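Novice: Structure provided below as structure tokens; questions to follow.
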Amino acid sequence: MLGLSLGLPSAAFGRSAWYRQPAYTALPQDGGPPIGAAFIADFRRRRFAQTSAATAAIATATPEILAQLQPLSFADLFAFTRASGATFVDASGKVVLASTDEPRFDWSDGTGALLLERPATNLLLHSQTLAASVWIKASSSLPGQTVTCGSLVLEAVRRTGDVFGGLQQPVSLVDGTRYAVSMFLKQGNGGLSWFGLYNSTDAVWQSAVQINWPAPEIPLSAAHISVPGNGQRNLPSDIRVKHLSDGICRLSFTFLATSATGDTVSVNAHANRNDDQSGNYFGGIQIEASPFATAYIPTAASVSTRAADHCRLSLAGEALLQRAQASLLVQARGLGGTNGRLIGGPSTRLLGFDAEGTGLLVGSETPLTVTSGLTQPLVASGCVIAFDPSTKAGCYNGGNVMTLAAAMDADRSETYLGRDGTGSFADGRYEALVVWPFRMSGDALQAKAVPHAG
């Protein structure tokens with residue numbers, strides 16, 4: 001089971017080097033003793049190793065030769081680019097900004113995994129500058145109190161009138177599109193807060209949630225988020241609360257827009273008003289065309305787009321998957337994306353979602369269904385696939401091993417993590433990628449198809 005002994009200290013090339021542990025060996029389908037992996041990327045522990053064989057020799061080298069590894073860095077195993085900065089949550093629970101072409105090891109779910117995402121645009125302006133004139137203050141004021149969370153600033157908002165209002169900003173939505181709405185918040189004086197989209201044309205809420213602030217010593221959770229009975233046009237779904245540091249949370253939900261002309265994003269900070277109280281803290285407000293909330297995208301006077309992450313395997317890594325036989329393990333959590341590629345080729349799938357996003361398939365040509373009935377975003381997952389010239393096999397989270405008498409796609413000239421060469425993103429947090437230079441046995445495949453052990 002991969003991960004059982006990944007924390008053992010060792011000398012880089014010693015007999016007990018971490019990449020020589022039994023967790024990284026597997027029995028070949030053709031028989032014989034266990035053989036080690038040739039490519040290991042443990043993103044959660046920032047440990048990386050790759051075969052010491054020359055890339056030109058990988059196609060014909062024996063698995064035993066290819067299993068002789070050398071410890072390397074992330075940059076040695078992957079060519080990573082992103083044409084913009086992007087935010088992530090660091091190990092201290094703070095929102096920080098990664099620079100252009102800097103990979104993000106995100107801790108928003110407590111794992112420190114490699115975060116890979118598609119491009120996304122925050123449609124709101126001045127997403128954390130609530131004093132800006134674009135935010136209409138209806139029966140609300142900003143008393144000037146703030147809290148910070150890394151590069152993120154949250155402002156106190158107080159309700160000042162008897163008319164239900166809040167901070168409001170018009171936003172242009174497209175009917176029939178699913179949107180993800182998110183914001184960061186922290187309790188000030190509690191009470192009730194509302195967050196959602198109000199349609200000023202016909203005075204109907206498009207979609208909204210109510211925050212029932214608990215006692216200060218109780219952490220906010222999804223149990224404290226309810227759907228107000230106010231005749232909403234489209235009920236919110238996939239309501240989530242993620243905790244950061246210092247009592248700050250990120251709240252998100254999704255909805256399908258209909259009759260959206262005239263919609264405004266509305267934040268009502270303190271529905272049970274008290275003029276002597278400062279209200280609650282809000283910031284980092286975002287609405288994006290997406291089936292789930294992605295990492296926060298700061299905006300100022302115009303909308304802002306985060307560029308796509310582009311993570312391509314090294315030449316040696318690609319050569320390993322171009323062999324006649326190979327096996328690979330992907331461990332991840334929170335993955336989503338219809339037709340998204342966990343491992344993609346130039347425009348093809350080695351391992352990825354089907355068109356509905358509910359199944360995992362191996363290959364694009366004569367695909368093998370590894371599992372079905374999934375719900376996105378995925379829970380912590382481990383999926384192993386293996387192939388030789390006549391068969392491909394796969395197993396998801398220790399379930400049944402599925403096989404198909406069909407060859408893997410011929411074009412494996414490029415290999416990407418979390419996408420293919422043209423897009424087809426499988427967004428989420430990747431915890432490990434391991435490649436063996438042979439087709440492993442069914443028993444080994446099932447044993448290794450488990451989530452990361454932590």
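The values are calculated or read from the model by the stated rules, or taken from the named source; none is laboratory data. Computed from a predicted structure; not experimentally measured. Methodologically, a virtual Cβ is constructed for each residue, glycine included, from the backbone with ideal geometry; neighbour enumeration extends over all protein chains shown. Heads up: the accessible areas ignore ligands, DNA and RNA and are worked out on the full protein's heavy atoms, side chains in. Shrake-Rupley method; radii C 1.70, N 1.55, O 1.52, S 1.80 Å.
Novice: How about region 382-397: which of its residues are of a type in the set (Gly, Ala, Ser) and open to solvent by less than 50 Å² (accessible area, probe 1.4 Å)? Spell out how you get there, then give the answer.
Specialist: Going through region 382-397, the residues of a type in the set (Gly, Ala, Ser) turn out to be 382, 386, 390, 393-394.
Residues satisfying the conditions are 382, 386, 393, 394.
Novice: Now for a separate question. Can you tell me how many residues within region 119-137 are of a type in the set (A, V, I, L, M) and surrounded by fewer than 18 Cβ atoms within 10 Å (Cβ to Cβ)? Lay out the reasoning, then the answer.
Specialist: Of the residues in region 119-137, the ones of a type in the set (A, V, I, L, M) are 120, 123-125, 130-132, 134, 136.
Filter again for surrounded by fewer than 18 Cβ atoms within 10 Å (Cβ to Cβ), leaving 131-132, 134, 136.
Number satisfying all stated conditions: 4.
Novice: Working only within region 226-241, note down all residues that are among the β-branched types (Val, Ile, Thr) and either touching a residue at least 40 places away in the same chain (Cβ under 8 Å) or farther than 21 Å from residue 89 by Cα (or both). Can you show your working first?
Specialist: Keep residues of region 226-241 that are among the β-branched types (Val, Ile, Thr), which gives 227, 239, 241.
Residue satisfying the conditions is 227 alone.
Novice: Mind checking which residues of region 361-381 are open to solvent by less than 50 Å² (accessible area, probe 1.4 Å) and either in contact with a helix residue (DSSP H, G or I) (Cβ under 7 Å, 6 or more places away or on another chain) or in a loop (DSSP other than H, G, I, E, B) (or both)?
Specialist: Taking region 361-381 as the starting set, the residues that turn out to be open to solvent by less than 50 Å² (accessible area, probe 1.4 Å) are 361-364, 368, 370-371, 374, 377-378, 380-381.
Within region 361-381, 363, 364, 374, 377, 378, 380 meet the criteria.
Novice: Follow-up question, since we're still on this one. Can you give me the number of residues within region 145-164 that are under 34 Å from the mean Cα position of the chain (by Cα) and in a loop (DSSP other than H, G, I, E, B)?
Specialist: Restricting attention to region 145-164, the residues satisfying the condition of being under 34 Å from the mean Cα position of the chain (by Cα) are 145-158.
If we keep only those that are in a loop (DSSP other than H, G, I, E, B) as well, we get 145, 151.
Going through region 145-164 one residue at a time, the tally reaches 2.
Novice: Taking the condition under 26 Å from residue 133 (Cβ atoms) and open to solvent by 20 Å² or more (accessible area, probe 1.4 Å), does residue 185 pass? Even if it seems obvious, please write down each step before you answer.
Specialist: Values: under 26 Å from residue 133 (Cβ atoms): yes; open to solvent by 20 Å² or more (accessible area, probe 1.4 Å): no.
Answer is no for this residue.
Rundown of residues vs (1) of a type in the set (Ser, Thr, Tyr); (2) out of contact with any strand residue (DSSP E or B) (no Cβ under 6 Å at 6 or more places or on another chain); (3) over 14 Å from residue 432 (Cβ atoms), yes/no style:
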site: 21; (1), (2), (3): no, yes, no
site: 33; (1), (2), (3): no, yes, yes
site: 39; (1), (2), (3): no, no, no
site: 49; (1), (2), (3): no, no, no
site: 61; (1), (2), (3): no, yes, yes
site: 84; (1), (2), (3): yes, no, yes
site: 91; (1), (2), (3): no, yes, yes
site: 96; (1), (2), (3): no, no, yes
site: 103; (1), (2), (3): no, no, yes
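Novice: Residue 176 - would you say it is part of a loop (DSSP other than H, G, I, E, B), in contact with a Ser or Thr (Cβ under 6 Å, 6 or more places away or on another chain), among the small types (Gly, Ala, Ser) and more than 20 Å from residue 136 (Cβ to Cβ)? Walk me through it before giving the result.
Specialist: Working: part of a loop (DSSP other than H, G, I, E, B): yes; in contact with a Ser or Thr (Cβ under 6 Å, 6 or more places away or on another chain): no; among the small types (Gly, Ala, Ser): yes; more than 20 Å from residue 136 (Cβ to Cβ): yes.
So residue 176 fails the test.
Novice: Looking only at region 242-269, filter to residues that are among the hydroxyl-bearing types (Ser, Thr, Tyr) and in contact with a Pro (Cβ under 7 Å, 6 or more places away or on another chain); which one of those is farthest from residue 92 (Cα to Cα)? Before the answer, list the steps.
Specialist: Quick first cut of region 242-269, residues among the hydroxyl-bearing types (Ser, Thr, Tyr) only: 245, 252, 254, 258-259, 261, 264, 266.
Narrowing the set further to residues that are in contact with a Pro (Cβ under 7 Å, 6 or more places away or on another chain) leaves 254, 264.
Working: 254: 27, 264: 34 Å.
Step by step, filter region 242-269, then rank; the result is 264.
Novice: While we're here: Just wondering, is there one or more residues in region 398-408 that are in a strand (DSSP E or B) and open to solvent by less than 10 Å² (accessible area, probe 1.4 Å)? First the steps, then the outcome.
Specialist: Taking region 398-408 and keeping what is in a strand (DSSP E or B), we get 402-404.
Retained after the next criterion (residues that are open to solvent by less than 10 Å² (accessible area, probe 1.4 Å)): none.
No; the residues of region 398-408 include none that is in a strand (DSSP E or B) and open to solvent by less than 10 Å² (accessible area, probe 1.4 Å).
Novice: Among (1) closer than 26 Å to residue 134 by Cβ; (2) part of a strand (DSSP E or B); (3) without any contact (Cβ under 8 Å) to a residue 60 or more places away in the chain; (4) not polar (S, T, N, Q), where does residue 194 come up short?
Specialist: Among (1) closer than 26 Å to residue 134 by Cβ; (2) part of a strand (DSSP E or B); (3) without any contact (Cβ under 8 Å) to a residue 60 or more places away in the chain; (4) not polar (S, T, N, Q), residue 194 violates only (3).
Novice: (1) modelled with pLDDT of 95 or more; (2) surrounded by fewer than 21 Cβ atoms within 10 Å (Cβ to Cβ): which one isn't true of residue 309, the others all being true?
Specialist: The number of the failed condition is (2).
Novice: Another one. Sort through 108, 140 and tell me the only one that's at pLDDT below 95 and within 14 Å of residue 296 (Cβ to Cβ). Please lay out each step first, then the result.
Specialist: On the way: 140 fails: within 14 Å of residue 296 (Cβ to Cβ).
Step by step, each of 108, 140 is checked, and only 108 is at pLDDT below 95 and within 14 Å of residue 296 (Cβ to Cβ).
Novice: Right, next: Return the residues of region 322-359 that are over 26 Å from residue 238 (Cα atoms) and in a loop (DSSP other than H, G, I, E, B); say none if nothing qualifies.
Specialist: 322, 323, 324, 325, 345, 346, 347, 348
Novice: A further question follows. Are any residues in region 420-442 open to solvent by 10 Å² or more (accessible area, probe 1.4 Å) and at positive phi, and if so, which ones?
Specialist: Residue satisfying the conditions is 424 alone.
Novice: When you scan region 215-225, do you find a residue that is open to solvent by 60 Å² or more (accessible area, probe 1.4 Å), over 20 Å from residue 292 (Cβ atoms) and touching a residue at least 60 places away in the same chain (Cβ under 8 Å), even just one?
Specialist: no
Per-residue answers, yes or no, for (1) under 30 Å from residue 49 (Cα atoms); (2) touching a helix residue (DSSP H, G or I) at 6+ places or on another chain (Cβ under 9 Å); (3) not charged (D, E, K, R):
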| position | (1), (2), (3) |
| --- | --- |
| 285 | no, no, yes |
| 288 | no, no, no |
| 304 | no, no, yes |
| 326 | yes, yes, yes |
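Novice: May I ask you to list the residues in region 273-292 that are modelled with pLDDT of 95 or more and open to solvent by 20 Å² or more (accessible area, probe 1.4 Å)?
Specialist: Selection gives 289 alone.
Novice: Within region 18-118, considering only strands (runs of 3 or more DSSP E) that don't extend past its boundaries, which have at least 1 residues that are more than 18 Å from residue 316 (Cβ to Cβ) and open to solvent by less than 50 Å² (accessible area, probe 1.4 Å)?
Specialist: Details: elements: 39-42, 47-51, 69-72, 78-81, 86-89, 95-98, 104-106, 113-116.
Ranges flagged: 86-89, 95-98, 104-106, 113-116.
Novice: Would you call residue 211 open to solvent by less than 20 Å² (accessible area, probe 1.4 Å) and among the hydrophobic types (A, V, I, L, M, F, W, C)?
Specialist: On the way: open to solvent by less than 20 Å² (accessible area, probe 1.4 Å): yes; among the hydrophobic types (A, V, I, L, M, F, W, C): yes.
Yes, satisfied.
Novice: Against the condition open to solvent by 10 Å² or more (accessible area, probe 1.4 Å) and out of contact with any Gly (no Cβ under 9 Å at 6 or more places or on another chain), how does residue 316 come out, does it pass?
Specialist: no
Novice: Please specify each residue of region 94-127 satisfying the condition of being at positive phi, within 16 Å of the chain's Cα centre (by Cα) and touching a residue at least 40 places away in the same chain (Cβ under 8 Å).
Specialist: Answer for region 94-127, where residues must be at positive phi, within 16 Å of the chain's Cα centre (by Cα) and touching a residue at least 40 places away in the same chain (Cβ under 8 Å): just 112.
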